[in-house]
Amino acid sequence: MENEKFVETDPTGVLYGVLAYTAWGILPLYWKLLNVVPALEILAHRIIWSFVFVGVLLVASGGWQTLITVVKNKTNLFFLFLCGFLISVNWFTYIWAVNSNHVIEASMGYYINPLVVVLLGVVVLKEKLTRWQCLAILLASVGVIILTVQYGRVPWVALILASTFALYGLSKKLIKVDSITGLALETIIVMPIALLYIITQQTQGTGSVGRVPIQTTFILFGSGIVTAIPLLWFAKGAQKIKLPGTGSTTHLGNPS
C-alpha cells in the first residue's frame, strides 16, 4: 500500500471556509431582492461598491504601498487583469441565473467547481492525490453525472460558474499578494468600465438609482459589502487550508 502523507490543516482556515460558504449559500436570497434591477446593472454596482469597501479597508490598513509594488510587476498585472475578467463573468452569470430562475443549475456549480479545481491542481500545479482522494473525486464525479442526467440537458450555467471560479482561484494562486490588496486590484481594473456603464445608464434615464424604491437602492449599494466579505474570508481560508498529500495551499470555493 502506498505511503500516504497528510498535512495538518489550520482550524482557523476551516472556520474562514465555513463562513465563506455559509455567506455564499445565503447570497441568492440577497440577489432576489434586486430582481427588478437588470443583471448587468447589478454587476456594475457590485464592482463599484466592492472597490469602495475594499478601498476603505486598504486605506485603514495602510496597504496602498503594497498595491503600487504589486502592479509594477508585469506578470502580476497580467494575472490581475485575468482575475478581474474571470470574476466579472462569474458574478454576472450567477446574478443572471438567480434572477432568471436558474437557481438549481447555478447550485450545480458548487458540485462541479471542486472537480475543476482538482483537475487544474493536478494538471497545472502538478499536485499529487492519494488513493483515498482519487476515490473521493471519483464518487463526486459520479454524483455530478447523475445530477446532469436528471437535469436533462448540459448545465451551461454551472459549467461557466465552476470553470471561471476555478481559473480565478488558479490565477490568484500565481500572484503573491494578500487578500485585501488582491481584491482591490481586481476591482480597480474593471471598475472604470462599470462606472462608465452606470453613468451612461443614469444620464439616459434608464438607471435604477432614483427609479426603484429607496430600500432597493440601499440593497444595491450594499452589494459591494456582501460580495467582498465572503471573498476575503475565502482568501484567508485558502491561505491556511492544505490539500492533503501535497503540502500546498489550494483555492477551493464558489464565488457567488
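The values are calculated or read from the model by the stated rules, or taken from the named source; none is laboratory data. Note that the structure is a prediction, hence the values are computed from the model and not measured. Reconstructed Cβ throughout: ideal geometry from the backbone, glycine too, with neighbour counts over all protein chains shown.
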(request) Among the residues of region 194-219, count how many are surrounded by fewer than 21 Cβ atoms within 10 Å (Cβ to Cβ) and in contact (Cβ under 8 Å) with a residue 12 or more places away in the chain. (result) 9
(request) Kindly indicate the residue of region 160-173 that is among the hydroxyl-bearing types (Ser, Thr, Tyr) and modelled with pLDDT under 90 and also nearest to the chain's Cα centre (by Cα) among those meeting that condition. (result) TYR168
(message) Can you report the number of residues in region 194-227 which are in contact with a helix residue (DSSP H, G or I) (Cβ under 8 Å, 6 or more places away or on another chain), modelled with pLDDT of 90 or more and assigned to a helix (DSSP H, G or I)?
(response) 12
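Each row is one residue, and each column tells you yes or no for (1) surrounded by 21 or more Cβ atoms within 10 Å (Cβ to Cβ); (2) modelled with pLDDT of 85 or more.
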{"site": "HIS45", "(1), (2)": "yes, yes"}
{"site": "VAL52", "(1), (2)": "no, yes"}
{"site": "LEU57", "(1), (2)": "no, yes"}
{"site": "THR75", "(1), (2)": "no, no"}
{"site": "GLY121", "(1), (2)": "yes, no"}
(message) Please determine whether any residue of region 152-159 is modelled with pLDDT of 85 or more and over 16 Å from the mean Cα position of the chain (by Cα).
(response) yes
(message) Being among the aliphatic types (A, V, I, L, M) and either surrounded by 14 or more Cβ atoms within 10 Å (Cβ to Cβ) or touching an Asp or Glu at 6+ places or on another chain (Cβ under 9 Å) (or both): is that true of VAL117 here?
(response) yes
(message) Checking LEU67 against (1) within 23 Å of LEU185 (Cβ to Cβ); (2) out of contact with any Ser or Thr (no Cβ under 6 Å at 6 or more places or on another chain); (3) of a type in the set (A, V, I, L, M, F, W, C); (4) surrounded by fewer than 21 Cβ atoms within 10 Å (Cβ to Cβ): exactly one of these is not met. Which one?
(response) (2)
(request) Enumerate the pairs (first residue in region 126-151 and touching a residue at least 12 places away in the same chain (Cβ under 8 Å); second residue anywhere and surrounded by fewer than 11 Cβ atoms within 10 Å (Cβ to Cβ) and not charged (D, E, K, R)) with beta-carbon separation below 9 Å, excluding pairs fewer than 6 apart on the same chain, so at least 6 apart or on different chains. (result) ARG131/MET1; THR148/VAL154
